[in-house]
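Okay, so here's the structure we're looking at.
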Amino acid sequence: MASSPGQNWAGNITYGAERLLRPASLDELAEIISREPRLRALGSRHSFNRIADGPGALVSLTDIPVDPADIRIEGATVRTPAWLRYGDLVPALDTAGLALANLASLPHISLAGAVATGTHGSGEKITSLATQVCAVEFLNGSGETVVLRRGEEDFDGAVVSLGALGVVTHLTLDVEPTYRVAQRVFEHAPWDAVLENFDDIAAAGNSVSIFTRWREDGLADQIWVKYREGHPAPDLSWLGARAAEGPCHPIPGADGSVCTAQMGEFGPWHGRWPHFRLDFEPSAGDELQSEFLLPRRHAAAAVRALRDLAPRIAPLLHICEVRTVAPDSLWLSPAYEQETVGFHFTWHPREAEVRPVLAEIQAALAPLGARPHWGKVFLPDADALPGLYPRWSDFGALRERHDPQRRFGNAFLESLGL
């Protein structure tokens, strides 16, 4: 079935593709791939740029029925349709007494889209969602079914793929016995104290997020600390921060009831790792997002650079989140082979004004080795990107093997130099 592609989740992108195709089976998907000269896969529409757009057709797999038996748990892994959202996978894992090691801020995003763009949660010992993948299955540009498993040649290149190798149909993920998590929020920590004690703050929980509006008062608005049972309860009073007395939203003044529980009570892993509850509209809704990830050793230098730009950033900003990510071995992951700190910007939906400020941010962070989040708004630099990813040319060769006709290419990939 074909329809108009419409817009992305944020409404800042109206897809320019000719039509949206919705196969009712994987056999129908294979037939679509065989006949369409240009095709891009569309997930939960949560990308803020044109990574999912294309000059031909878009394809969504969400009309393919999912039987409970399609989510197959075997030992410490689960094989699942890749078009499911993380929140939709949770019930099957719960029933089996299992869990994932990590979730992103939003449980609303699709497995395939999150993995393909290197999306992450946070934690100095927690890696991106893509590292949970132990096998990836996709239909490539020749219509072949490809299955790559962790440890095999090319696997590390095929997970964070930017949709350039084919349409991902299934992922096999690592799982572990279920566990419980709590979180606390601390308010109004002085930035100078945060920088001086950054490593101690990052270790205060299993996942730590610092939220700031880059105001001139020199304060970080909130620090969210998530911690598993067995981890000491956090106390950041020594930092000059105070514990929040009620539920908070990352954006000060917004309704905290849409967020996961924060008052130190332990609950299911999937009800604490995300910032936002699955049954509510996530984040601000009316927004743009950008993120830049750089070596953690440059965290203080990056904060100083952004504080210098605060008069330009603050008027356009809902909130900025600072958090850490552990290194991985996935070729196009923004955390590839480096302890990482990420600076995530949630902007007001004023893209014409945001882009000049983004140019200043990227110029300030470029000397620090900043890598962009592939699914957010940034200004591509095809000359600089290959130098940030040591396996860039290897990915190009991998793409040539799986999509030599560039069936899954688009202008976004071209702007990256791919």
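Could you say which residue among Ala114, Ala130 is open to solvent by less than 10 Å² (accessible area, probe 1.4 Å), farther than 24 Å from Asp27 by Cβ, in contact with a Gly (Cβ under 7 Å, 6 or more places away or on another chain) and touching a residue at least 24 places away in the same chain (Cβ under 8 Å)?
Ala130
Answer with yes or no whether Pro91 is part of a loop (DSSP other than H, G, I, E, B), modelled with pLDDT of 90 or more and open to solvent by 40 Å² or more (accessible area, probe 1.4 Å).
Judged against the criteria, Pro91 is not a match.
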- Hey, could you check the stretch 74-88 for residues that are surrounded by 13 or more Cβ atoms within 10 Å (Cβ to Cβ) and at pLDDT 95 or above and say which is farthest from Pro23 (Cα to Cα)? Thr77
- Out of (1) open to solvent by less than 20 Å² (accessible area, probe 1.4 Å); (2) in contact with a Pro (Cβ under 9 Å, 6 or more places away or on another chain); (3) at pLDDT below 95, the odd one out for Cys248 is which? (2)
- Message: If I filter the stretch 390-413 for residues that are of a type in the set (Gly, Ala, Ser), touching a residue at least 60 places away in the same chain (Cβ under 8 Å), surrounded by fewer than 17 Cβ atoms within 10 Å (Cβ to Cβ) and assigned to a helix (DSSP H, G or I), do I get at least one hit?
- Response: yes
- Query: Looking only at the stretch 117-127, which residues are on the phi < 0 side of the Ramachandran plot and surrounded by fewer than 24 Cβ atoms within 10 Å (Cβ to Cβ)?
  - Reply: Gly121, Glu124, Lys125, Ile126, Thr127
- Query: In the stretch 41-73, what residues are at pLDDT 95 or above, of a type in the set (D, E, K, R) and farther than 20 Å from Ala116 by Cα?
  - Reply: Asp63, Arg72
- Note on the structure: Scanning the stretch 138-162 for residues that are over 19 Å from Arg406 (Cα atoms) and modelled with pLDDT of 95 or more, the one surrounded by the most Cβ atoms within 10 Å (Cβ to Cβ) turns out to be Asp156
- Query: Within the set of pairs 6+ apart or on separate chains, which have a first residue in the stretch 1-17 that is more than 15 Å from Ile32 (Cβ to Cβ) and at pLDDT 90 or above, a second that is small (Gly, Ala, Ser) and open to solvent by 20 Å² or more (accessible area, probe 1.4 Å), and C-beta atoms under 6 Å apart?
  - Reply: none
- Query: Where in the stretch 1-64 are there strands (runs of 3 or more DSSP E), lying fully within it, with 2 or more residues that are open to solvent by less than 50 Å² (accessible area, probe 1.4 Å) and under 21 Å from Pro107 (Cβ atoms)?
  - Reply: none
- Message: Considering only residues that are farther than 17 Å from Ala370 by Cβ and not aliphatic (A, V, I, L, M), which ones fall in the stretch 315-327?
- Response: Pro315, His318
- Picking from Arg355, Arg350, the residue that is more than 22 Å from Gly253 (Cβ to Cβ) and surrounded by fewer than 22 Cβ atoms within 10 Å (Cβ to Cβ) would be Arg355
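The values are calculated or read from the model by the stated rules, or taken from the named source; none is laboratory data. Values in this document were obtained by computation on a predicted structure and should not be read as measured data. Neighbour counts are summed over all protein chains in view; Cβ atoms, including those assigned to glycine, are modelled from backbone coordinates with ideal geometry. To get the accessible areas, we keep the full protein, side chains included, count just its heavy atoms, and leave off ligands, DNA and RNA. Shrake-Rupley method; radii C 1.70, N 1.55, O 1.52, S 1.80 Å.
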